[in-house]
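**Q** Provided herewith is a single structure, encoded as structure tokens, for subsequent inquiry.
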Amino acid sequence: MKESSVKITFAGNPLTLLGNEIKVGDKAPDFVAVGAGLAPVKLSDFAGKTIIIASYPSIDTGVCAAQNRRFNAEANNLKNVVVLSISCDLPFAQSRFCAAEGLDNIKTVSDHKDLEFGQKYGFWIKELRLLARGTVVIDKSGVVKFVEYVPEVTHEPDYEAALAVVKSL
């Protein structure tokens, strides 16, 4: 697996991203993740919709929880937009968190099995076998319109920048 040129840190310590760095203008690669009930979920299942992919390391941290709450709140006001919230957490943990928090506007999926999203989009953190924090926006025709690899994993993503792109589509 090739190393990405994207540089990120965790609490100031450098980490290595693996996979193919995704860029604005790329055709979004299809991937399979694991959804609720262990059912496979493909990116292509949402063809024809604007897609926000919200990637994060673990639902059991404060910043990741805040990220999911924020995207859930924003999704309530977006038409024909799907928010895929993806991590390497097991689907059971993701579902438990969303149920406890009352989050029902995002679709949580797990990349724990094959790290296919992490590899195809360059979000796989080599040292931790977790996904990096970031956001990818894909338009209705399947083209990447926004990418953010959050430079410091302990920081939240730039919601406003991603949402401005979504609202412009």
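Bear in mind these aren't lab numbers, they're just calculated from the coordinates by the rules spelled out. Here the structure is a predicted model, which means the values were calculated and not measured. With ideal geometry, Cβ positions are generated from the backbone for all residues, glycine too; neighbour counts draw on all protein chains shown.
**Q** Does Gly37 qualify as being outside any helix (DSSP H, G or I), surrounded by fewer than 20 Cβ atoms within 10 Å (Cβ to Cβ) and at positive phi?
**A** Numbers: outside any helix (DSSP H, G or I): no; surrounded by fewer than 20 Cβ atoms within 10 Å (Cβ to Cβ): yes; at positive phi: yes.
No, not satisfied.
**Q** Could you please let me know if Phe123 is crowded, with 20+ Cβ neighbours inside 10 Å and within 19 Å of Leu18 (Cα to Cα)? If you could, list the steps in order and put the result at the bottom.
**A** Values: crowded, with 20+ Cβ neighbours inside 10 Å: yes; within 19 Å of Leu18 (Cα to Cα): yes.
Against the criterion (crowded, with 20+ Cβ neighbours inside 10 Å and within 19 Å of Leu18 (Cα to Cα)), Phe123 qualifies.
**Q** Of these, Glu127, Glu116, which one is touching a residue at least 24 places away in the same chain (Cβ under 8 Å), among the acidic types (Asp, Glu) and in contact with a Phe, Trp or Tyr (Cβ under 7 Å, 6 or more places away or on another chain)? Walk me through how you get there before you give the answer.
**A** On the way: Glu127 fails: in contact with a Phe, Trp or Tyr (Cβ under 7 Å, 6 or more places away or on another chain).
Just one listed residue meets the conditions, Glu116.
**Q** In the stretch 18-29, which residues are closer than 23 Å to Gly142 by Cβ, of a type outside the set (Val, Ile, Thr) and under 16 Å from the mean Cα position of the chain (by Cα)?
**A** First, the residues of the stretch 18-29 that are closer than 23 Å to Gly142 by Cβ: 19-29.
Those left that are additionally of a type outside the set (Val, Ile, Thr): 19-21, 23, 25-29.
Of everything in the stretch 18-29, those that are closer than 23 Å to Gly142 by Cβ, of a type outside the set (Val, Ile, Thr) and under 16 Å from the mean Cα position of the chain (by Cα) turn out to be Gly19, Asn20, Glu21, Lys23, Ala28, Pro29.
**Q** Right, another one. Specify which of the listed residues (Ser4, Ser44) is surrounded by fewer than 15 Cβ atoms within 10 Å (Cβ to Cβ) and either without any contact (Cβ under 8 Å) to a residue 40 or more places away in the chain or in contact with a strand residue (DSSP E or B) (Cβ under 8 Å, 6 or more places away or on another chain) (or both).
**A** Working: Ser4 fails: surrounded by fewer than 15 Cβ atoms within 10 Å (Cβ to Cβ).
After applying the criteria, what remains is Ser44.
**Q** Find the strands (runs of 3 or more DSSP E) located wholly in the stretch 64-169 whose residues include 1 or more that are in contact with a Gly (Cβ under 8 Å, 6 or more places away or on another chain) and more than 25 Å from Gly12 (Cα to Cα), and list them. Please lay out each step first, then the result.
**A** Details: elements: 81-87, 107-110, 134-138, 144-149.
Qualifying strands (runs of 3 or more DSSP E): 107-110, 144-149.
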